[in-house]
Structure formats: structure tokens, C-alpha cells
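S.K.: Quick one: structure below, then a few questions.
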Amino acid sequence: MTTNTPADPGRAQLPPVSPTHEVTRFTTTAAHAAFGVGRFLAHSASGLLRGQTPDTAAMAHEVRTTFEHLGPTYVKLGQLIASSPGVFSRTLSDEFESLLDRVPPAPPAQIRQVLIEELGAPPEEVFAQFDPEPIASASIAQVHTAVLPTGEKVVVKIQRPGIADRLAPDVALLERLAGLAEISSYGRMLSARHVVEDFADGLDAELDFRNEASTMAEWFDCLQPGPFGDRVRVPEVYHEFTTSRVMTMEYIDAIRIDDVAAVRAAGHDGEALCRNLLLSLLDSAFHGGLFHGDLHAGNVLVDEHGTLVLLDFGIVGRFDARTRRILRQLVVDLIVKQDYDSAGRAIFLLGAVHKGGSTAQGGADLKKATSSLATTEMGSMSYTDLGRQLAAVAKAHDARLPRELVLVGKQLLYVEKYMKLLAPRWKAVSDREIYGYMAGIMKEAQRDRRADQQR
């Protein structure tokens, strides 16, 4: 008799996985990975016989192909590689870009069936026009254009059939692997188990498009009281044509932020775009408490007016009021005041450090690792080297980054890519508007500190 692995009570969409299914999936995953390695070794051996050195582009191609064969969970992970050339190599990141929105689509008959099940009628009866050829296809869903009976042009996001059943065993495997990863100091620093839990919770929420529609409106509203609300927009959702597996939204004619040639041809200012994206991320995190958790290039567009259009709110991060206060102080201590002792104390307050010791020594280590941030141009900064330095600091102090901080870090990797593409000589930390924003954060942090002292 087989018993199912208990489902997380907080996950409504991902079904429980039986041990048999989990073992089967592990075997399939290992076989695909071994086959990919074998293809690369055979290709390399053939090249060596001809006197050629191993081809990094061929290796990247094999890795990407293997991820595609492994299925939607690994496609989702591959999107991080595509948007993080500062951590992964440019060759690998470029190869993985096709996983952002060019994954092979589901068969048209299956997509038609989903629409019938969700909207109660075939697409030709629901819409005035419906294009069965998707304009984008990613790991969880694919997107089609359509026209409503009232004449509005829309995009229809349709969930891949059976996607929850395909994701669940992969998530179970990743959770087991994350537990093993935390044996290492680097795995503990990244809080591997929490990262995978967050990834799984995000996937679960992403499988109900009504969550995304609600979160999209909440995120946009949280930015409106601030000064950056008019620099970003989200598509309008047509709720009468939206269900858990289908979401119908306003069609916006826009270009991807990483399409450098198109951005420049349209006359948009690369620095302004990067500045607006960074400021909207900071303001939504530090003040709104809700930030976009998946800013890969397929989700960040630029409309004809130079306004940023953010899509796909299936993954978001949240900070409570206490965490926002600590983070404001941490950023001010690190970037504005360069008070590394105070920064070390803030990290302790976040619960990120589990090894006792001197905060002064931790502050000295932080200073050494981050001192290049204020003077290095984006185009020449090595985030890989910086990551290694920070990993060394974390190892020395047994630091475990809170899961939401890891998610913010992922978004900063995305923003970094766009900076290097569109504004490689721009120094974000010395930009006047960003400096002014940070000065405002510093005043808030000082008010918070005075209020704490008066209690």
C-alpha cells in the first residue's frame, strides 16, 4: 500500500505526491540529466579528436535542452539563469532566454478544452476573435490574442493542461534536495529550504490566476500614494472572462525591456527606464510591503510613452511593517552612512545570523565585501566576485538570509542585467533621484530610531 506525501496545508493547487510517483520522477530526472551530460561529452570528444577546444555554447545548449526536457519546474528555474548574467555566464544566460516566453506550446485541442471547461463555451462563442496561435508560451501558461464581443483587443492567458500534476513531484524532489543543500554553509546562507518553500508556495499561488489578478491590482495601488506610481502600469483585467485557469487582460502594445535595439529605436532613455524600475521595486518593498517577485525580461515591457508595463504577478514577496523598518535601516547603514557595525546589528535583528560573535567583526567583513558598490560602474562590476565575497562573510558568521530577502536579491539580479544592457555607465548609487530617495529613507529610519528610543 502506498501513502501520499502530505500536502502543505497552505497549498491549494499542488496535489500530494505518492512515494512511488516521487521515485519515478527522480529516475526520469536523473535519466534526462545523464542523457544531457552524455550528449555534451560525445560532442566534446568529437571536437577534441579534431583538435578543437570544448565549445561553451554547445554546453549551454545542452543544459538548456535538458531543462526543457525535464519539464515546467526546471523551465521556471531556467528563467532565473536567463535573467542573471551577473551570476551565470553570458553564454548560458543568452541560451536560456528562450525559456522566458518561447517554450513549445500545448496542443491547440487541449487549450481549447481548457477554455470550454473554464468559460463554459468554445473560444469562437466567447470571443469575437481568438487566435489559436500563442504569442508567448512559458512554463505555466501560454498567451493568445483575442477580441471581446464589445470590441476591446485582449490577451488571454491560459494555463497548461495538467500542469499541477506535473509540478508536484518536482517540488517534492526539490524540497528533499534543499534539505541536503543546507548541510553546506552556502546552502545555509541561502536558506535553501526556505527558498524552495517560497518557490513552491509561489507556484501554488500562480496556479490560480484569480490570485494574480488580485495581487496585480494590490501592487499597483500600493505605489499610487508615492512619487513613482505614474511611471509603471499593469494591464486591466476583465474579471468576467477570468477564472482560476484563464485570465483575460487588456492588450498593451509594448516592447521587452531587454530588446535594446527596439528600446533605442523608440527613443526611450535607458537610464530612466532602469531608474524607474529600481525605484518602483524599492518603493513597493520598503513602503508598500509588496513587490514583484519575477522581474525576468518577459515580464517587464516598455510602452510607447516610456512607461514600464509589469506582467505576471504569480510570484510576489511581502514584508511586514517591522521588517520594512529594519530593512530601511540596513540599506541606509550600508549604502548611505556606510555604518557597517549598525548594518551587522540590523542583520541580527532580521534573524539572519545564527552564530554568536562580535558584530564589529561582522561589520568589518561587510565593509570589505561591499566597499566597491559606491564607485564601480554597472558595466564593469563583477557581481560574481561580490557574491563570492558575501558568501565568505556568510560562512564565517553562519548567516541565513530570510527568504524574502533572497527573493529581493533575485529581482536585483534582473535589474542589474537591464542596467548593463541599457545604461552600462550609469552609477545607480550616485544618481541624484535615487540618492534623494535614499535620503528620504534615511530620514524615515532616523524617525523610526527616535520613536524606538522614546518607547
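S.K.: Sorting 325, 233, 90 on the 10 Å Cβ count, fewest up front, what's the list?
M.R.: On the way: 325 21, 233 18, 90 13.
Ordered from fewest to most neighbouring Cβ atoms within 10 Å, 325, 233, 90 come out as 90, 233, 325.
S.K.: For a footprinting-style exposure proxy, rank 437, 251 by other Cβ within 10 Å, fewest first. It would help to have the intermediate numbers written out before the result.
M.R.: Values: 437 20, 251 17.
Going from sparsest to densest Cβ surroundings: 251, 437.
S.K.: Using the 10 angstrom Cβ neighbour count as an exposure proxy, how do 183, 441 rank, fewest first? Each step should come with its number before you reach the end.
M.R.: Details: 183 9, 441 21.
So the ranking, lowest neighbour count to highest, is 183, 441.
Readers should treat all values here as calculations from the given coordinates under stated rules, not as data from a laboratory. None of these values were measured; they are calculated from a predicted model. FYI the Cβ positions are ideal-geometry reconstructions off the backbone, even for glycines, and counts take in every protein chain you see.
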